[in-house]
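This report concerns only the one structure given below.
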Amino acid sequence: MQLNKPWCIYRTSHESGHFYQGKGKTHLVLAGKYTGSGVRYNLALTWAGYEPETWKTEILSTFDTEDEAYEAEEKLVTHESLANPWCMNMMQGGRRGKYKTPSSLLKRYRSAAKRERAAEAKAKRKEREALAKAKIAEKLRAAKAKAKAKSLAIKSKP
């Protein structure tokens with residue numbers, strides 16, 4: 001398979017068995033900038049344990065023209081594959097099954113999940129900072145106690 005061709009068909013899969021198949025630009029898929037645009041797939045990215053980094057995308061085949069890629073996608077995403085309960089595609093492949101944008105509901109779910117992950121990361125960061133401050137304060141107390149003991153020892157010497 002030549003990866004220098006502009007169009008490809010790909011399969012994005014999760015360790016749970018869920019998968020999404022489609023057509024895309026080879027350079028975007030290779031760079032990890034495009035993994036799929038399906039509504040179910042994008043909704044799955046909001047579920048716990050299904051974060052974007054837990055999915056793997058592989059290029060199945062590459063093509064010189066977009067039309068060739070659409071034809072291959074039509075053969076890849078068939079009614080039989082849609083009957084598979086793990087398949088995240090909603091429609092048969094090809095030009096007919098192309099969604100332009102996810103629904104506004106999906107956008108709300110994704111942004112809520114993103115805010116939740118950001119809040120969790122902020123809480124963890126604050127916890128690490130508090131732990132670091134406590135360690136520094138303990139070291140400072142120990143250093144002060146050591147200095148005080150040394151001072152008392154010097155004063156008590158004849």
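Values as computed for the structure displayed
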item	result
Qualifying position, being modelled with pLDDT of 90 or more, among the small types (Gly, Ala, Ser) and exposed (fewer than 11 other Cβ atoms within 10 Å of the Cβ), among Ala118, Ala132, Ala44	Ala132
From Glu53, Glu68, Glu15, Glu58, residue being out of contact with any Asp or Glu (no Cβ under 9 Å at 6 or more places or on another chain), closer than 17 Å to Gln2 by Cα and exposed (fewer than 13 other Cβ atoms within 10 Å of the Cβ)	Glu58
Segment 14-41: number of residues that are outside any loop (DSSP other than H, G, I, E, B) and more than 17 Å from Gly93 (Cα to Cα)	6
All positions within segment 83-92 that are modelled with pLDDT of 90 or more and surrounded by 14 or more Cβ atoms within 10 Å (Cβ to Cβ)	Cys87, Met88, Asn89
Count - residues of segment 38-87 that are within 22 Å of the chain's Cα centre (by Cα) and within 13 Å of Ile9 (Cβ to Cβ)	4
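The values are calculated or read from the model by the stated rules, or taken from the named source; none is laboratory data. Everything quoted here is computed from the prediction, not taken from an experiment. As a convention, Cβ positions derive from the backbone with ideal geometry for all residues, glycine included, and neighbour counts pool all protein chains shown.
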